[in-house]
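The values are calculated or read from the model by the stated rules, or taken from the named source; none is laboratory data. Everything numeric in this text was worked out from a predicted model, so none of it was measured. Here the Cβ positions follow ideal geometry from the backbone for every residue, glycine too, while neighbour counts run over all protein chains shown.
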Amino acid sequence: MVSIFLRSLVYNVLFYALLVFWIIIAIPTFLMPPRAFVTVAKAWARSSVWLMRVICNIKVDYRGLEKIPKGPLIVASKHQSMWETFALLQFFDAPLFIYKRELKWIPFFGWYLMKAKMIGVDRKGGMRSLMEMARRAPKEIRSGRQLIIFPEGTRTAVGAAPDYMTGVGQIYASAGVPCIPVALNSGLFWPRRTFMRYPGTLVVEFLDPLPAGLTRKDFIARIQASIEDATNRLVDVARQEQARLFGRVPGSASIKA
């Protein structure tokens, strides 16, 4: 565990150093089309995943990439960790995120969000803010972008009861495009609210796409069922792997040295 602690510490320092590096590299993209910034962002994502493999011995297995439809799309992903907020964007030509509007005031980082035409939401704005998001998001998607959204609205701990919001259903109904659900087990390797990074095989699985035209109720029920069933399966397999490595699953109880 001492080794894991030190590796986690080194990774976190280098992760943020790498972020600063790519922020500087991206400065010229302010004078270029948004696609130029997206290219740099993808390079940041790939380099961060590579660094995680080298330092923390966390392998990543991407499954179902061949299922990703081309063109306008909603990507509805399980959200257990910060990891998927950057790692998923590398697979899409014109990724679109919805972010807290306060982030736009962060020097450079926030400016890049605006440059890339991401959608800022005022969480204190109530229904008015949600309506603005529901209006703008479908328009951006129909222009050819891929919305990467986390239907639960926030990171959830591994094993926590799911709580899927209705907002993604409204966007889906208004956009009239397919949706690809995404299951993962990232929370076992990059847990929320801790800097620890545990070795093993992080799996991301792109599931069968849902066609446009479902009712909102049916859509929410189907993405929840497919994401949760697949996520539970991936988590179970990863827990078995961690039990073999550590004697116990990290965070569940004391771990053998």
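Among the conditions (1) under 20 Å from residue 92 (Cβ atoms); (2) touching a residue at least 24 places away in the same chain (Cβ under 8 Å), residue 33 misses just one, which is (2). Only one of the listed residues (142, 136) is more than 13 Å from the chain's Cα centre (by Cα), at pLDDT below 95 and either of a type in the set (Asp, Glu) or more than 27 Å from residue 54 (Cβ to Cβ) (or both). That residue is 136. Taken over segment 218-257, the residue count meeting the criterion of being in a helix (DSSP H, G or I) and either within 30 Å of residue 197 (Cα to Cα) or modelled with pLDDT under 95 (or both) is 24.
Say whether the condition of being touching a strand residue (DSSP E or B) at 6+ places or on another chain (Cβ under 8 Å) and either of a type in the set (Val, Ile, Thr) or surrounded by 18 or more Cβ atoms within 10 Å (Cβ to Cβ) (or both) is met by at least one residue in segment 28-39. Yes, segment 28-39 contains a residue that is touching a strand residue (DSSP E or B) at 6+ places or on another chain (Cβ under 8 Å) and either of a type in the set (Val, Ile, Thr) or surrounded by 18 or more Cβ atoms within 10 Å (Cβ to Cβ) (or both). Counting the residues of segment 83-114 that are among the acidic types (Asp, Glu) and at pLDDT 85 or above gives 2. Residues that are free of Cβ contacts under 8 Å to residues at least 12 places away in the same chain and out of contact with any Leu (no Cβ under 7 Å at 6 or more places or on another chain) are absent from segment 41-48. The condition (being without any contact (Cβ under 8 Å) to a residue 24 or more places away in the chain and within 19 Å of the chain's Cα centre (by Cα)) is satisfied by just one residue among 131, 165: 165.
Number of residues in segment 1-20 that are over 23 Å from residue 57 (Cβ atoms) and either touching an Asp or Glu at 6+ places or on another chain (Cβ under 7 Å) or surrounded by 13 or more Cβ atoms within 10 Å (Cβ to Cβ) (or both) equals 0. Within segment 153-169, if we keep just the residues that are in contact with a helix residue (DSSP H, G or I) (Cβ under 6 Å, 6 or more places away or on another chain) and buried (at least 18 other Cβ atoms within 10 Å of the Cβ), the residue that is nearest to residue 133 (Cα to Cα) turns out to be 169. Take residue 82 and decide whether it is under 24 Å from residue 19 (Cβ atoms) and in contact (Cβ under 8 Å) with a residue 12 or more places away in the chain. Taking the combined requirement at face value, the residue satisfies it.
Residue 148 falls short on exactly one of the conditions (1) within 25 Å of residue 213 (Cα to Cα); (2) over 17 Å from the mean Cα position of the chain (by Cα); (3) surrounded by 18 or more Cβ atoms within 10 Å (Cβ to Cβ), and that condition is (2).
Please identify the pairs in which a residue from segment 106-126 that is in contact (Cβ under 8 Å) with a residue 24 or more places away in the chain has its Cβ atom under 7 Å from the Cβ atom of a residue that is surrounded by fewer than 13 Cβ atoms within 10 Å (Cβ to Cβ), counting only partners at least 6 apart or on another chain. The qualifying pairs are 115/30.
Listed here are the residues, each with its yes/no results for (1) of a type outside the set (D, E, K, R); (2) over 19 Å from the mean Cα position of the chain (by Cα); (3) modelled with pLDDT under 95; (4) in a strand (DSSP E or B).
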residue	(1), (2), (3), (4)
37	yes, no, yes, no
48	yes, no, no, no
52	yes, no, no, no
55	yes, yes, no, no
59	no, no, no, yes
74	yes, no, no, yes
81	yes, no, no, no
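Within segment 181-198, if we keep just the residues that are touching a residue at least 60 places away in the same chain (Cβ under 8 Å) and surrounded by fewer than 22 Cβ atoms within 10 Å (Cβ to Cβ), the residue that is farthest from residue 82 (Cα to Cα) turns out to be 196.
For the structure I just gave you, tell me whether residue 117 is surrounded by 14 or more Cβ atoms within 10 Å (Cβ to Cβ), modelled with pLDDT under 85 and either under 26 Å from residue 18 (Cβ atoms) or not polar (S, T, N, Q) (or both). In short, no.
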